[in-house]
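Structure, as structure tokens:
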Amino acid sequence: MQSDADTPTVGILVRLTLICFAVLLCWTAGTLPLRANDPTPTPAPHTWEKWLEVEEELASPALRRELLTFPRILTYIVQPGDTVSGIASRFGLDIDTIRWSNPELERNPDYLRPGTALTILPVRGVYHPVAAGDTVESIARRYGVAVEDIVNYPLNHLDSADSPLKAGTWLIVPHGTKRLARPKPAPAAGYLFAWPIVGAVTQNYSAGHRAIDIGAPYGSQVYASRAGVVVHAGWSETGYGYTLIIDHGDGYRTLYSHLKGTWVSKGQKVACGQLIGEVGSTGNSSGPHVHFEIRLNNARLNPLEYLPPQ
Ligand SMILES: [Zn+2]
């Protein structure tokens, strides 16, 4: 969900500006930040020794067409001003594919620094480092795809589902997804509020921090702590990043911050335990967590006094 100010026109203008900025930078540097594996001889997907400079505009339609016929894994060098979503859309991918093929980025989305080399898959999905004991079947099951999807993908160089896999090599899992199998917090009798997410409290309530921080992996689901109406959904200018505020109708409000994104919009009614967002690290945040506040008539209370024992 976008904030109210993010009209489509503004979004397009911002994206265009970013792309122009990146292209301009490349010209100034005299080289494009895009490289591709040498297609001849076909390299194993995990080798990066041979590079082919691509003398074309960033992920141009011509390059995209070529990649459809001769898929290759590209390395993209992060440029100043780049965003993960901008890089993803430039290559026709989604944010998750970029994260699921760059372990550093998955662990810490703030890792995107100019000069960092990013792995760009030719298809949406997951780039899986083979571990001892992995089989094509176990990998397919893990990412929710068919065995044939992995075997038939040309860059995987597999003859059959029984082909032995070598630990330390990488496989492309086309259209695979990583689902976070995490428990959903349950509301408890006698308590007005439920935990928005199961996780350890990484920062407690204090005079300087009238909230609790709940640590959880990036992308974990965040749930409404109590039924109510969303009164704010979007980017906060005060360091909170993507933030949701739910009004519970009796003076109480709950606030959820540093989200990766929000699944509900302003004015929407939500039930207790309804999925409202995903854990991120947006705004002034040192790592993936939810900054959670319970407010009564705008006084910020200690949430631990209102939540059931975890
Ligand atoms: Zn906090």
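FYI, it's all coordinate maths here, none of it is from the lab. This structure is a prediction, so every number in the text was calculated from the model and none was measured.
Once Rg and the Kirkwood radius are both taken over the C-alpha atoms of segment 125-174, their ratio Rg/Rh works out to 0.88.
Note that segment 180-260 carries a Kirkwood radius of 13.7 Å, evaluated over its alpha carbons pair by pair. For a distance above 24 Å, tell me the whole-number percent of Cα pairs in segment 200-305 that qualify. The calculated P(r) of segment 200-305 puts 13 percent of pairs beyond 24 Å. Centre-to-centre, using Cα atoms only, segment 125-160 and segment 222-240 are separated by 39 Å.
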